[in-house]
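So the structure is just underneath, and the comments pick up after that.
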Amino acid sequence: MREALLALFLSSAEPITRARLADIFDSDPGCAGWEAALDMLLATGDGPLQLVCVAGGYRLQIHPRHNALVARLHVEPPRPLSRATLETLAVIAYQQPVTRPEIEHWRGVAVSVQIMQQLQERGWITTSGHRDTPGRPALWVTTPGFLEHFSLPSLAVLPEVVAVEESQTDMQTGIME
């Protein structure tokens, strides 16, 4: 059963949910015990691969201890994101659903069309509708692709913003003393 699960995870381009696994295995009486095998794979992390929970499903990935070695395999370095792009993505992740004027308010500067296009092209943000206000601005949210890329099981695991604000207050207090 372990090998069957590994084959599914290796052949899937996106995370597989428990419900999807149940659809696959529960119709075959010879596949009993797949849930125990899944739990065992989740608990095992000593090989070169590990099973992780991302975007509400499970994905097989290379163990992080091999990241430096695997990075040498790729000739072209990944394109870094600009600070403005990262700030925009963070505002959307924490404040979603959020309109572009609200993003600009949080960042304190205008958001360029190119930043929004870049985040959309990467599949990290999408519109979820429009606010019922004059101009009907689009409501921006993150996608499962965002969770998958950053290996997040859900948005709930994002660090609390309060901790960042408290540390900034502590730093300001320390400077003023």
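When only alpha-carbon atoms count, how far does segment 1-96 stretch along each of its three principal axes, as whole angstroms with the largest first?
Reported extents, whole Å, longest axis first: 53, 36, 21.
Taking a quarter of the surface of the convex hull around the Cα atoms of the chain, what do you get in nm²?
For the Cα atoms of the chain, the hull's average projected area reads 15.3 nm².
May I ask for the Kirkwood hydrodynamic radius of segment 47-90, worked out over all distinct Cα pairs and given in angstroms to one decimal?
13.0 Å
Which whole-number percent gives the relative contact order of segment 1-96, counting Cα pairs below 8 Å spaced six or more residues apart?
For segment 1-96, the relative contact order is 25 percent.
Let me check against my output: what whole-number percent is the relative contact order of segment 21-160, with C-alpha pairs under 8 Å and at least 6 apart?
This gives 22 percent for segment 21-160.
Hey, what's the chain come to in accessible area per residue, 1.4 Å probe, Å²?
Spelled out: the 1.4 Å probe surface of the chain, per residue, equals 65 Å².
I need the calculated FRET efficiency for the pair H63 and Q114, taking r as the beta carbon distance and R₀ as 35 Å, to the nearest 0.05.
Here the calculated transfer efficiency is 0.45.
So which residue, out of A19, A37, A138, gets the largest mean-square fluctuation from a GNM of the chain using Cα contacts under 10 Å as springs?
Highest fluctuation among the options: A19.
Let me have the 222 nm mean residue ellipticity of the chain computed from DSSP H runs of 4+ only, each contributing -39500 (n - 2.57), with the sum over all residues rounded to the nearest 500.
The helix contribution divided over the chain gives -14500 deg cm²/dmol.
Please list, ordered by chain and number, the residues whose modelled amide H lies under 5 Å from the amide H of T17; skip anything fewer than 5 residues away on the same chain.
When sequence neighbours closer than 5 places are left aside, the close amide H contacts are Y58.
Mind listing the long-range amide H neighbours of L139? Cut-off is under 5 Å, sequence gap 5 or more, other chains count too, H placed in the peptide plane at 1.01 Å from N.
S128, G129, H130, R131
For segment 9-21, what does the Karplus curve 6.51 cos²θ - 1.76 cosθ + 1.60, with θ = phi - 60°, yield as ³J(HN,Hα) per residue in whole Hz, taken in order and with x for Gly and Pro?
Taking θ as phi minus 60°, the curve returns 5, 5, 8, 8, 7, 9, x, 10, 7, 4, 4, 5, 4 Hz for segment 9-21.
Hey, can you rank 112-121, 87-96 by average C-beta count inside 10 Å, highest first?
Answer by packing, highest mean first, reads 87-96, 112-121.
Output ³J(HN,Hα) for segment 111-120: one whole-Hz value per residue in order, computed from phi by the Karplus curve 6.51 cos²θ - 1.76 cosθ + 1.60 with θ = phi - 60°, and x for Gly and Pro.
9, 6, 4, 4, 5, 5, 5, 4, 5, 5
Provide the per-residue ³J(HN,Hα) series for segment 142-155, in order, calculated from phi with Karplus coefficients 6.51, -1.76, 1.60 and θ = phi - 60°, each as a whole number of Hz, with x at glycine and proline positions.
With coefficients 6.51, -1.76 and 1.60, one gets 7, 10, x, x, 4, 4, 5, 4, 8, 6, 10, x, 6, 5 Hz.
The values are calculated or read from the model by the stated rules, or taken from the named source; none is laboratory data. Bear in mind that the values here come from a model prediction, so they are computed numbers and not experimental data. FYI the Cβ positions are ideal-geometry reconstructions off the backbone, even for glycines, and counts take in every protein chain you see. To get the accessible areas, we keep the full protein, side chains included, count just its heavy atoms, and leave off ligands, DNA and RNA. Shrake-Rupley method; radii C 1.70, N 1.55, O 1.52, S 1.80 Å.
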